[in-house]
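K.L.:
Sharing a structure, written as structure tokens. Questions coming.
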Amino acid sequence: MKDIAEALGVSVATVSRALKDSPRISGTQREKIKRYAREHNYYPNVLAESLRNSRTRPLKIIGVIVPQFAHFYFASVLSGIEQEAASRGYTIMVGQSAEQYNREVLLCERFYEHKVCGVIVSQAKDTQQYEHFQKLMDHGMPLVFYDRICTGIDCNRVVVDDYQGAFNAVTHLINTGCRRIAFYGSPMTLEISKNRYNGYRDALLRQGLQPEERFFRICDNRADAEAITPGLLSQGEIPDAFFAVNDDTAIGILYTAKRMGYRVPQDVSVCGFTNGYRAVACDPMLTTVEQRGVRVGEEATNILISKVEGETPLNKVEKRVVRTRLVIRGTTK
């Protein structure tokens with residue numbers, strides 16, 4: 001900034017204000033200074049600025065923990081977070097836990113060290129201890145969970161209506177004539193798996209059908225679905241429908257059923273939960289519950305920024321639910 005000030009014959013304070021778009025500097029002067037800075041590849045030193053401001057205001061950097069980058073739903077949530085953060089002058093720092101508790105703990109430590117203003121997280125599958133989350137909160141750092149929430153801490157959260165989404169999907173399967181409906185879900189330590197199973201179970205009970213343990217499997221990815229499904233489709237009385245916890249699992253079921261000679265949906269119906277791009281790339285196209293991941297990301301970011309900027313108290317826990325909708329396509333009757 002000293003070099004710019006000397007070259008243009010202005011004070012360092014004027015340069016600083018112009019680069020921050022201060023209204024105290026005329027528009028013409030601001031543009032002149034900013035143009036010179038661009039032409040000479042000047043960029044603010046974010047680290048230096050953060051050190052200078054760390055005691056007076058939080059950095060406008062949000063830490064985000066994603067279980068899997070490759071998963072469509074998490075990618076769409078991340079897109080919603082980034083878009084909403086950028087629109088409000090924030091940037092994001094993203095880490096992938098890869099479904100591992102230890103990596104999740106390390107990411108929380110790194111975010112704290114880098115003085116992010118808050119953290120948005122979906123916990124890893126094997127996380128059953130929550131001290132790393134509690135530590136962030138104890139240090140006054142806002143924390144918002146999405147999708148996979150931490151039941152061990154009363155904390156801000158944004159989820160979809162997992163129960164109702166599953167209930168509506170299974171009710172649709174029953175209304176189309178299916179009676180022996182299998183459920184493929186994530187480990188029952190996860191709240192989303194419990195909620196989706198409860199929606200599945202209650203839809204059956206509402207129609208006078210009993211959930212059968214032989215049709216229940218812990219399976220939440222395509223590879224496992226392709227390995228497990230042949231067993232179910234080779235027994236005496238096979239399922240006439242499958243409800244899966246996500247689209248990848250549902251597509252694994254669909255692929256396996258077709259490979260074994262079953263017609264979909266005439267012999268076996270299949271329903272997923274996500275509505276990602278793969279749902280329309282399979283044949284037939286997949287009936288599924290749309291999760292609206294972008295909206296979940298936007299809501300989580302809004303909650304976090306409202307805490308950071310003091311619009312809502314840190315100790316006020318916010319819980320928001322994003323509605324799902326059933327998208328009916330060719331894998332159901």
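The values are calculated or read from the model by the stated rules, or taken from the named source; none is laboratory data. If you're wondering where the values come from, they're calculated on a predicted model, not measured in any experiment. Virtual Cβ from ideal backbone geometry, glycine too; neighbours counted across all protein chains shown. In case anyone asks, the SASA skips ligands and DNA or RNA and just uses the protein heavy atoms, side chains included. Shrake-Rupley method; radii C 1.70, N 1.55, O 1.52, S 1.80 Å.
K.L.:
Out of (1) in contact with a Phe, Trp or Tyr (Cβ under 7 Å, 6 or more places away or on another chain); (2) modelled with pLDDT under 90, the odd one out for V66 is which?
P.N.:
With respect to (1) in contact with a Phe, Trp or Tyr (Cβ under 7 Å, 6 or more places away or on another chain); (2) modelled with pLDDT under 90, V66 is out only on (2).
K.L.:
Tell me, which residue of region 260-319 that is small (G, A, S) and over 30 Å from T151 (Cα atoms) is nearest to the chain's Cα centre (by Cα)?
P.N.:
A279
K.L.:
Looking at (1) assigned to a loop (DSSP other than H, G, I, E, B); (2) in contact with a helix residue (DSSP H, G or I) (Cβ under 9 Å, 6 or more places away or on another chain); (3) of a type in the set (V, I, T), which is the one condition that is false for T229?
P.N.:
With (1) assigned to a loop (DSSP other than H, G, I, E, B); (2) in contact with a helix residue (DSSP H, G or I) (Cβ under 9 Å, 6 or more places away or on another chain); (3) of a type in the set (V, I, T) applied to T229, the lone miss is (1).
K.L.:
For region 161-186, name all the residues that are open to solvent by 40 Å² or more (accessible area, probe 1.4 Å), closer than 24 Å to Y146 by Cβ and touching a Leu at 6+ places or on another chain (Cβ under 9 Å).
P.N.:
N168
K.L.:
Could you list, in sequence order, all residues of region 306-333 that are open to solvent by less than 50 Å² (accessible area, probe 1.4 Å) and free of Cβ contacts under 8 Å to residues at least 40 places away in the same chain?
P.N.:
Matches in region 306-333: S306, T312.
K.L.:
Going by the structure shown, is G276 at pLDDT below 95 and either touching a Pro at 6+ places or on another chain (Cβ under 7 Å) or buried (at least 17 other Cβ atoms within 10 Å of the Cβ) (or both)? Let's see the steps before the verdict.
P.N.:
On the way: at pLDDT below 95: yes; either touching a Pro at 6+ places or on another chain (Cβ under 7 Å) or buried (at least 17 other Cβ atoms within 10 Å of the Cβ) (or both): yes.
Spelling it out, G276 is indeed at pLDDT below 95 and either touching a Pro at 6+ places or on another chain (Cβ under 7 Å) or buried (at least 17 other Cβ atoms within 10 Å of the Cβ) (or both).
K.L.:
If you don't mind, another one. For I192, which of the numbered conditions (1) assigned by the TED database to the domain that holds K316; (2) at pLDDT below 95; (3) crowded, with 19+ Cβ neighbours inside 10 Å fails to hold?
P.N.:
(1)
K.L.:
Name the helices (runs of 4 or more DSSP H) wholly inside region 69-152 in which the number of residues that are closer than 23 Å to T324 by Cβ and open to solvent by less than 60 Å² (accessible area, probe 1.4 Å) is 2 or more.
P.N.:
Counting at least 2 such residues, we get 72-87.
K.L.:
Follow-up question, since we're still on this one. If I ask for residues that are in contact with a helix residue (DSSP H, G or I) (Cβ under 6 Å, 6 or more places away or on another chain), surrounded by 15 or more Cβ atoms within 10 Å (Cβ to Cβ) and among the basic types (K, R), which ones from region 17-33 would you list?
P.N.:
If the condition is that a residue be in contact with a helix residue (DSSP H, G or I) (Cβ under 6 Å, 6 or more places away or on another chain), surrounded by 15 or more Cβ atoms within 10 Å (Cβ to Cβ) and among the basic types (K, R), then R30 is the only one that fits.
K.L.:
What residue, of D224, D202, D283, is part of a helix (DSSP H, G or I), open to solvent by 50 Å² or more (accessible area, probe 1.4 Å) and acidic (D, E)?
P.N.:
Unique residue meeting the criteria: D224.
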